[in-house]
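Below is one structure, written out as C-alpha cells; the observations come after it.
The values are calculated or read from the model by the stated rules, or taken from the named source; none is laboratory data. Keep in mind that what you see is a predicted model, and the values were worked out from it rather than measured. Reconstructed Cβ throughout: ideal geometry from the backbone, glycine too, with neighbour counts over all protein chains shown.
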Amino acid sequence: MKITIIAGARPNFIKIAPIIKAIEKQQSEGKTISYRLVHTGQHYDKNLSDTFFEELNIPHPNANLEVKSGSQAEQTGAIMVAFEKELTQNPCDLVLVVGDVNSTMACAIVAKKMNIKVAHVEAGIRSGDMTMPEEINRIVTDSITDYFFTTSKSASENLLKNGVDSSNVHFVGNVMIDTLHQNLNRISAPSFWDEFDLETGNYIILTLHRPSNVDEEKSLINLLEGIDKMVGDKKIIFPIHPRTKAILGETNLNLKNILFVEPQGYLNFMYLIKNSFAVITDSGGISEETTVLGIPCFTMRTTTERPETIEIGTNNLVGISIENLTLEFTKFLENGLSKRGIPELWDGKASERIIAILLTK
Ligand code: UDP
C-alpha cells in the first residue's frame, strides 16, 4: 500500500510523527507499505515548522507545496492546485490527512476527486460552531472520507449520526498523545528557565491564537491586562503565535506578570506545560496534553470539539470573557482540581492501531 501523508501546520507535524514511526515499524517487519510525505507549506516559520521536523525526527518531506499564507479561499485554492499536480505525478493508493486545518480539507477534496481513498485521523470531532474555519474543514473532510479514525467514542457517534457506515469508523485513540508518550523522556527546560526564575508549579502558560480572542486588538489587550491582574504574583509565560504578534504590533502594554517568548519547540514547550501551575489557552491540542499530564487547563472558548477533556480531564471551558475566566480561576484556587482522568485509548498506541487497520484495507 502506497500512502501519501499530508501535513501543513504545527499541530499536523505533531500528529504525523508517530504515524510515520508506525509505518516504518511495519516496514521493518516486512509489510508492504510505503509513504510519501507532502508538506503543504501552510506553516513555514522555522518556529512553527522546521523545529518540529528536527525535534520529532520527522523525515524531510518528499515534496513541499510552499503555499504560505493567504485568505481562507486563497490558501485552500493554492493547496488544491499544487496538490493535484503532486498527486498526478506521484499516484498512491490512499491519502492520509490529519486534524482540521485548510490542508486537511483541501487535500482530501483533491484526492477524492482523483478517485483515491481518503483516511482522516481525528475524524468526527465537532464544536458545533460554524464560525470556526476548522469546523467547516472537519465537516467537509468527513463528508468525503473513506476511513475514519477517531479519538473518542463521541466522535465516532457524531459520524454514525451522519450516516457513515460503522465498518469504516475506527475508534483508535489520540495520535497527539502518542507523540507525548514517545517524547516525555526527552523534554527539556528552555534557555530562559533560569533567567525568569521559573520553578515547577510557580508559573502559568498562556497561548492565544484563535480569531475570536486575538483578531480585535482592543479586546485582546483587555484580556491580557485582565489575565495579568488575575494571577497575583505568578509569572505567565506567553509563547506568542505569529498571528497574535501581528495584531499587537508595537503596542506598549503595561503588564507586570506576562513574559512574552517566541513560539516554543515541542520539547521545551511540553517541559513548560508539564511543570506549570496551570495553563490558559484557546488551543484544542494543548487541552488534550494537559488532560493527560493532569495539569489544570482553562480554555478560552465558548465551545469545544473535545468534550472528553472537560468531562473526564482537567480542562475547563471558560468562555472568552475575562470576568468568567477570573471567576473559574478563583474557584480553582479555592477548591483545586475536581477531576483528573485520562480518556479511553489515549495510551500512546493510536498510530500503531491506525496502520494495522489500514493494512487490512
Ligand atoms: N505547541 C508547541 N509550542 C508552542 C505552542 C504549542 O509545541 O509554543 C504545540 C502544543 O503542545 C500542541 C500543538 O502545538 O501539541 C497545538 O498547536 P496549536 O495550538 O497551534 O493548534 P490547535 O491544537 O489549536 O489546533
*Could you pull out the residue among Tyr266, Tyr271 that is touching a helix residue (DSSP H, G or I) at 6+ places or on another chain (Cβ under 8 Å) and within 19 Å of Pro190 (Cα to Cα)?*
Tyr266
*Take Gly232 and decide whether it is free of Cβ contacts under 8 Å to residues at least 60 places away in the same chain and in a loop (DSSP other than H, G, I, E, B).*
yes
*Can you find a residue in the range 254-270 that is more than 16 Å from the ligand (Cβ to nearest atom), surrounded by fewer than 20 Cβ atoms within 10 Å (Cβ to Cβ) and part of a helix (DSSP H, G or I)?*
no
*the range 314-341 residues that are closer than 22 Å to Leu220 by Cβ, paired with ones that are of a type in the set (Ser, Thr, Tyr) and part of a loop (DSSP other than H, G, I, E, B) (beta carbon under 7 Å, 6 or more apart)*: Leu317/Thr304; Gly319/Thr302; Ile320/Thr302
_the range 242-253, residues that are without any contact (Cβ under 8 Å) to a residue 12 or more places away in the chain, surrounded by 10 or more Cβ atoms within 10 Å (Cβ to Cβ) and under 25 Å from Leu198 (Cα atoms)_ = Lys245
*Among residues belonging to the range 21-45 that are more than 28 Å from Gly77 (Cβ to Cβ), touching a residue at least 24 places away in the same chain (Cβ under 8 Å) and not polar (S, T, N, Q), point out the one that is farthest from the ligand (Cβ to nearest atom).*
Lys31
_Filter result for the condition that a residue is closer than 29 Å to Thr302 by Cα and either in contact with a strand residue (DSSP E or B) (Cβ under 7 Å, 6 or more places away or on another chain) or within 16 Å of the ligand (Cβ to nearest atom) (or both), over Asn137, Asn90, Asn57_ = Asn137
*asked:* Just the residues that are surrounded by fewer than 12 Cβ atoms within 10 Å (Cβ to Cβ) and either modelled with pLDDT under 95 or not in a helix (DSSP H, G or I) (or both), please, taken from the range 162-180.
replied: Gly163, Asp165
_Looking only at residues that are within 13 Å of the ligand (Cβ to nearest atom) and among the hydrophobic types (A, V, I, L, M, F, W, C) in the range 193-211, which one is farthest from Ile258 (Cα to Cα)?_
Leu208
*Using the structure shown, decide if Arg243 is near the ligand (Cβ under 10 Å from one of its atoms), under 26 Å from Thr330 (Cα atoms) and of a type in the set (D, E, K, R).*
no
_Taking the condition of being within 6 Å of the ligand (Cβ to nearest atom) and out of contact with any strand residue (DSSP E or B) (no Cβ under 7 Å at 6 or more places or on another chain), how many residues in the range 271-291 meet it?_
3
*helices (runs of 4 or more DSSP H) wholly inside the range 279-361 that include at least 2 residues being under 25 Å from Asp228 (Cα atoms) and within 18 Å of the chain's Cα centre (by Cα)*: 284-293
*Go over the candidates Asn158, Asn183, Asn115 one by one and state the one that is in a loop (DSSP other than H, G, I, E, B) and either basic (Lys, Arg) or out of contact with any helix residue (DSSP H, G or I) (no Cβ under 6 Å at 6 or more places or on another chain) (or both).*
Asn115
_Leading residue by the ranking (surrounded by the most Cβ atoms within 10 Å (Cβ to Cβ)) among those in the range 76-102 that are within 19 Å of the chain's Cα centre (by Cα) and not in a loop (DSSP other than H, G, I, E, B)_ = Val97
*Pairs only if they're at least six apart or on different chains, beta carbon under 6 angstrom, first in the range 265-285 and within 18 Å of Thr309 (Cβ to Cβ), second assigned to a helix (DSSP H, G or I) and of a type in the set (S, T, N, Q); list them, first residue then second.*
Val279/Thr290; Asp282/Asn213
